[in-house]
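The values are calculated or read from the model by the stated rules, or taken from the named source; none is laboratory data. Just so it is clear, the structure is predicted and the values come from calculations on it, not from any experiment. Quick reminder, even Gly has a Cβ in these numbers, built from the backbone with ideal geometry, and neighbours come from all protein chains shown. What goes into the accessible areas is simple: the full protein's heavy atoms, side chains included, and nothing from ligands, DNA or RNA. Shrake-Rupley method; radii C 1.70, N 1.55, O 1.52, S 1.80 Å.
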Amino acid sequence: QGQLVESGGGLVQPGGSLRLSCAASGRIFRINEMGWYRQALGKQRELVASMTDNGDTNYADSVKGRFAISRDNAKNTVYLQMNSLKPEDTAVYYCNADRIWGPAGWTYEHWGQGTQVTVSS
């Protein structure tokens, strides 16, 4: 339970938009919190945005007003709409699910493989 697969990264010009998707596979009864982290070259991984299964959200200050996180709980999928992209948004973006409840009970800290987002002219 709980394999995360991301899609939607790529190369975009400054000011452009991208939408990332992350789907959790397997028999899943509930996912507590899903979110997006990013890691730029030479920097630590940081939280971008997260959302609980009841809709509470949390955003990094650097993306507030530009990025929007959403979830489809029925599809065990989380999205990240990224608008007004800047070169400093360039990073590998990772999907995370903090707790997943399935046939094996609760399992913790699931990560996707990462998807590259490059913002450059």
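Descriptive notes on the structure:
- Computed over the stretch 65-104, the ratio Rg/Rh where both radii use C-alpha atoms and Rh is Kirkwood: 1.08
- For the stretch 1-59, convex hull of alpha carbons as volume per residue, Å³: 118 Å³
- Only Cα sites of the chain enter the Debye sum here, all with the same form factor; the resulting log10 I(q)/I(0) across q = 0.19 1/Å is -0.95, listed in q order.
- Percent of Cα pairs exceeding the 13 Å cut-off, where the set is the stretch 43-89: 59 percent
- Listed peptides 12-23, 105-116 appear in the order 12-23, 105-116 once ranked by packing, highest mean of other Cβ atoms within 10 Å at the front.
- Solvent-free Debye calculation, one equal scatterer per alpha-carbon of the stretch 51-121: log10 I(q)/I(0) at 0.22, 0.23, 0.24, 0.27 Å⁻¹ equals -1.14, -1.21, -1.28, -1.43.
- On a per residue basis, the chain carries 52 Å² of accessible surface, using protein heavy atoms and a 1.4 Å probe.
- Residues of type lysines that K86 reaches as a straight line, Cα spacing below 28 Å, ignoring anything fewer than 8 places off in the same chain: K43, K64
- Heavy-atom accessible surface of the chain: percent carbon and sulfur, 1.4 Å: 46 percent
- When DSSP beta bridges are restricted to pairs lying wholly in the chain, around 95% turn out antiparallel.
- Ranked by the mean number of other Cβ atoms within 10 Å of their residues, highest first, the peptides 50-57, 24-31 fall in the order 24-31, 50-57.
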